[in-house]
Every structure is written in C-alpha cells, then in structure tokens.
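Engineer: Sending over a structure as structure tokens; questions will come in a sec.
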Amino acid sequence: MKIPLISHPLSKRSAEYKRIVKYARNTHALTHDTYTLQIENIFSVDRSGELERYAEFKKLHNRMLLWHGSRLSNFVGIISQGLRIAPPESLTSGHMFGKGIYFADMVSKSANYCNATPADPYGLLLLCEVALGDMYELTESEFLTKLPRGKHSVKGLGMNVPNPAQVEIIDDGVVVPLGKAVQSNIIESHLQYNEYVIYNVKQMNIKYLNYV
C-alpha cells in the first residue's frame, strides 16, 4: 500500500524554516488586522506521485512558491488526493476566475480560508511550488472555463503586493515573493491582493505544510 504523504519537520534553525517564517511575517496584510499569525511548525512534504506528476511542468518558466489555505476538515482529502479543481467542499465565493486551484503571495489572504476562530485558533497552510508560465492578467472577475491561447494560468492583479525588489530565488529558479507589502503600479483593480489560479492539477507540487 502506498503511503499518501511523507513529511519531515524542518529544523527551526535551518535556512528553509527561517525563509518561510520571514515570508509569513512580511506578507500579513494590513487589512487583515483582526488576528495575528504565528508559525508553530513546518513540515516538508512529499505526497505520493505528485512530484512525478509535476515533472512535465517543472521545466515551465515562472515558477513561484505560493500559499494555499483551507479548513482543517479538508486536509484529510488534501493529503489523500492532493489539491483538486473545485472539490465539493470548496467555497463558491472562491471562484472569481472560474473553477481552478487558487494561490496567494500574501499569507493572510490564504489564512482567511482556514476559518480559524478565537475558540479554535489553529490551522494548516500549504506552500506549493506552482508553475505559472505565461499568465492571463486580470483586474476584475472573469469566470473562465478555458484559458486564452498561449496562457498557462491566471493572475488577478492586486493593488498591494510583496515588494518585487525583495524576492528570493531558490531551487533552480523558483521565486519566493517574501518582500514586505507595497503598493503596486496597478491604478485600479477589484482586487486588494494578488491571486494566482491554475486549471491543471499537474502544475503544482505541495512543498510544505505549515501549522499556524
């Protein structure tokens, strides 16, 4: 029998751990000020078959390490089946750009989907390597059923973004947008923060599970 997920805790003294903590600290949005977020533990993840599935997209340009949040109750399915396109339990409010897998570069944007409460203040956040390729950029809702020719993903352009001058490059070109939030050069958008959407599950690989 295949084990669906193998995870190993990261040392809190490791460069990996410190990078992720910095990413979380710097990208907690000012408008999400009703709670604080602290990483308690980080686990590196190897979900059975996912890396092999991702291999064909590993060569695609524009790969980023991005956040994905979900309720604790959804993680049994995520661990066994991976992230899926619009699973039955997903919120319909999360489909601004059609049915895909949504990611963020602001930690609190994803943390809001964990549905933590003062009575139950813990949650799980994923960090995934996402192969974005050429992005179809939008500033307002557009419910897509098919990407335009030549596009691999959607980027909803937010007005507040991690400082692009402070990115780190890891693992053969993967971008970690861990800069502190700054105002983008987008003059008008319906989005406060960036959103990234893929419509093919093969374009992502879960890298880290963060207990917050």
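Engineer: Of (1) modelled with pLDDT under 90; (2) part of a loop (DSSP other than H, G, I, E, B), S93 satisfies all except one. Which?
Structural biologist: That leaves (2) as the condition not met.
Engineer: Here's another thing I want to ask about it. I need the full set of residues from segment 101-118 which are of a type in the set (A, V, I, L, M) and touching a Ser or Thr at 6+ places or on another chain (Cβ under 7 Å), in order please.
Structural biologist: Hits for segment 101-118 are A104, M106, V107.
Engineer: Let me ask something additional. Please give the number of the condition R149 fails out of (1) over 17 Å from M64 (Cβ atoms); (2) basic (K, R); (3) touching a Cys at 6+ places or on another chain (Cβ under 7 Å).
Structural biologist: Unmet for R149, out of (1) over 17 Å from M64 (Cβ atoms); (2) basic (K, R); (3) touching a Cys at 6+ places or on another chain (Cβ under 7 Å): (3).
Engineer: Also, I was wondering about something else. Only residues that are surrounded by 22 or more Cβ atoms within 10 Å (Cβ to Cβ) and among the hydrophobic types (A, V, I, L, M, F, W, C): list them for segment 192-212, please.
Structural biologist: Matches in segment 192-212: V197, I198, M204, I206.
Engineer: T145 is checked against (1) loosely packed, with under 14 Cβ neighbours inside 10 Å; (2) β-branched (V, I, T); (3) touching a residue at least 24 places away in the same chain (Cβ under 8 Å); (4) within 24 Å of V21 (Cβ to Cβ) and fails just one. What number does that condition carry?
Structural biologist: So T145 meets the others, but not (4).
Engineer: What is the residue count in segment 164-199 for residues that are free of Cβ contacts under 8 Å to residues at least 60 places away in the same chain, assigned to a loop (DSSP other than H, G, I, E, B) and not acidic (D, E)?
Structural biologist: The qualifying residues number 7.
One line per residue, one yes/no per condition, for (1) modelled with pLDDT of 95 or more; (2) more than 13 Å from the chain's Cα centre (by Cα); (3) hydrophobic (A, V, I, L, M, F, W, C):
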| position | (1), (2), (3) |
| --- | --- |
| A131 | yes, no, yes |
| S141 | no, yes, no |
| L147 | yes, yes, yes |
| Q166 | yes, yes, no |
| I169 | yes, yes, yes |
| I186 | no, yes, yes |
| N194 | yes, no, no |
| Q203 | yes, no, no |
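Engineer: In contact with a strand residue (DSSP E or B) (Cβ under 9 Å, 6 or more places away or on another chain) and outside any strand (DSSP E or B), is that true of P148?
Structural biologist: Answer is yes for this residue.
Engineer: Answer yes if at least one residue in segment 124-136 is touching a Gly at 6+ places or on another chain (Cβ under 7 Å), assigned to a strand (DSSP E or B), touching a residue at least 12 places away in the same chain (Cβ under 8 Å) and more than 21 Å from Y17 (Cβ to Cβ), and no otherwise.
Structural biologist: No, segment 124-136 contains no residue that is touching a Gly at 6+ places or on another chain (Cβ under 7 Å), assigned to a strand (DSSP E or B), touching a residue at least 12 places away in the same chain (Cβ under 8 Å) and more than 21 Å from Y17 (Cβ to Cβ).
The values are calculated or read from the model by the stated rules, or taken from the named source; none is laboratory data. Predicted, not measured: the structure shown is a model, and the values here were computed from it. Every residue, glycine as well, gets a Cβ built from its backbone with ideal geometry; the counts of neighbours run over all protein chains shown.
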